[in-house]
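What follows is a set of notes on a single structure, which appears directly below.
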Amino acid sequence: MLKKLQERIFPFVIALSALSVSASAAFYSVTGLSKLFAGASTEVLIMAGSLEVAKLVIASLLYQYWDTINKGLRAYLGVACLVLILITSAGIYGFLSSAYQETAALAGNIDAQVALVETKRDNVKEQLAVYNEEKSSINTAVASLRDGLSNNVIQYKDPETGEIITTTSSSTRKALEKQLDQAIERQIQINTRVDDLNQQLFEYETEIVEIQTGSDVASELGPLKYLSGLTGLGMDKIINYLLLIIIFVFDPLAISLVVAANFAFAQLRNKDENEPNEALKQAFERHKEEVVKEEKPLEVYGEKNPPSPPPPPPPKKKRRFRMTPN
């Protein structure tokens, strides 16, 4: 019982699968073709939808009437079915490639934003390098001026006493102090500017991270970027190969499932036609057995049939006596 139920349900499962794959292929194809011909999208939708229905009808027609249909018409319908498969595949390719282009455009915008922020960051790095170099030179100058102040000593011989007198030059000291004050002031300005540039650099780095992680495009294109890095091919080539694989499987699978559904229903129909003949044959055999049983004599319980008489004995041969002469 369960096996019969499975045999009757399985053709409907095949048909449902064929319809689902065919409907999805038709939807993607019609949508893709309407995008390719955006100037007349409504007309393209009507045309492509009718062609998709006709394709399924042609596949069923060729399977069911292959031996009886005219050879010329059969050849034309076969070629038309193949051409419609190619058209559907082209529509699917257009739909999927359009979806990828939208994602790639968003990724391009994100890359442009990141590139702009990176340009600003690089400018800040260049300014920071210049100020750091000046900061080093200023620090060296301040240290030299401080050493000059500490070594500002003048020695001369007193003409009257002849003693060596050590003293400092006030004019030199004033000049060194003035230069030191200017150097320290410039040092403070440079340190402030370096701190500001470091803060800007940190903000730009943070902005780059937020742009890259704040969009879902990075997660969508993550597998493609991984494959691109793994194979050394560009993302456009990888997506092109994937699309070709999909379209070469999608619509041919839908047509194959339609043919398989026709085959399954044909087998089920033949089995249903043969089942009544088998039932009639079994009923005839049962009726024949019942007739044979009715023709057999009935025996009453406890009654013994008289034994059949023994067969008659065979006739005895007469003995002939022959007279002998004296």
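Bear in mind these aren't lab numbers, they're just calculated from the coordinates by the rules spelled out. Since we're looking at a predicted model, the values are computed, not measured. For neighbour counting, all protein chains shown are included, and Cβ atoms are generated from backbone atoms with ideal geometry for every residue, glycine included.
When the listed pairs Lys35/Lys71; Lys120/Lys225; Lys120/Lys178; Lys35/Lys237; Lys125/Lys174 are checked against a 30 Å cut-off, the alpha-carbon distance exceeds it for Lys35/Lys71; Lys120/Lys178; Lys125/Lys174.
Here the relative contact order of region 10-273, from alpha carbon pairs under 8 Å that lie six or more residues apart, stands at 33 percent.
Report the FRET efficiency, 1/(1 + (r/R0)^6), for Ser60 and Asn240, where r is their Cβ-Cβ distance and R0 is 30 Å, rounded to 0.05.
FRET efficiency, Ser60 to Asn240: 0.35.
With K and R counted +1 and D and E -1, the other residues having a Cβ less than 13 Å from that of Val30 yield a net charge of -1.
Rounded to the nearest 0.05, what FRET efficiency is calculated for Leu268 and Leu16 with R0 set to 22 Å and r the Cβ-Cβ distance?
With R0 = 22 Å, the Cβ-Cβ based efficiency is 0.90.
Taking other C-beta atoms within 10 Å as the exposure proxy, Asp122, Asp251 rank Asp122, Asp251 from fewest upward.
The alpha-carbon atoms of region 10-273, seen along their principal axes, cover 149, 39, 26 angstrom, with the largest extent given first. Applying the criteria of a DSSP loop state and at most 11 other Cβ atoms within 10 Å to the chymotrypsin sites (Phe, Trp or Tyr not before Pro) of region 21-119 yields Trp66.
Compute the Cα gyration tensor for region 14-161, then decide on rounded, prolate or oblate, letting a ≥ b ≥ c be the square roots of its eigenvalues: rounded whenever a/c is under 1.5, prolate when a/b is larger than b/c in the other cases, and oblate in all that remain. Note, shape of region 14-161 comes out prolate.
Evaluating 6.51 cos²θ - 1.76 cosθ + 1.60 at θ = phi - 60° for every residue in region 233-249, the Karplus couplings come out as 9, x, 5, 5, 5, 5, 5, 5, 5, 5, 5, 5, 4, 5, 6, 6, 9 Hz, glycine and proline recorded as x. Remark: region 82-99, residue by residue, has Karplus-estimated 3J(HN,Hα) of 5, 5, 5, 4, 5, 5, 4, 5, 5, x, 4, 4, x, 5, 5, 5, 5, 4 Hz, where x stands for each Gly or Pro and the curve is 6.51 cos²θ - 1.76 cosθ + 1.60 at θ = phi - 60°. Each residue of region 126-131 is assigned a 3J(HN,Hα), and the resulting list reads 5, 4, 5, 5, 5, 5 Hz, derived from the Karplus form 6.51 cos²θ - 1.76 cosθ + 1.60 (θ = phi - 60°), x at Gly and Pro.
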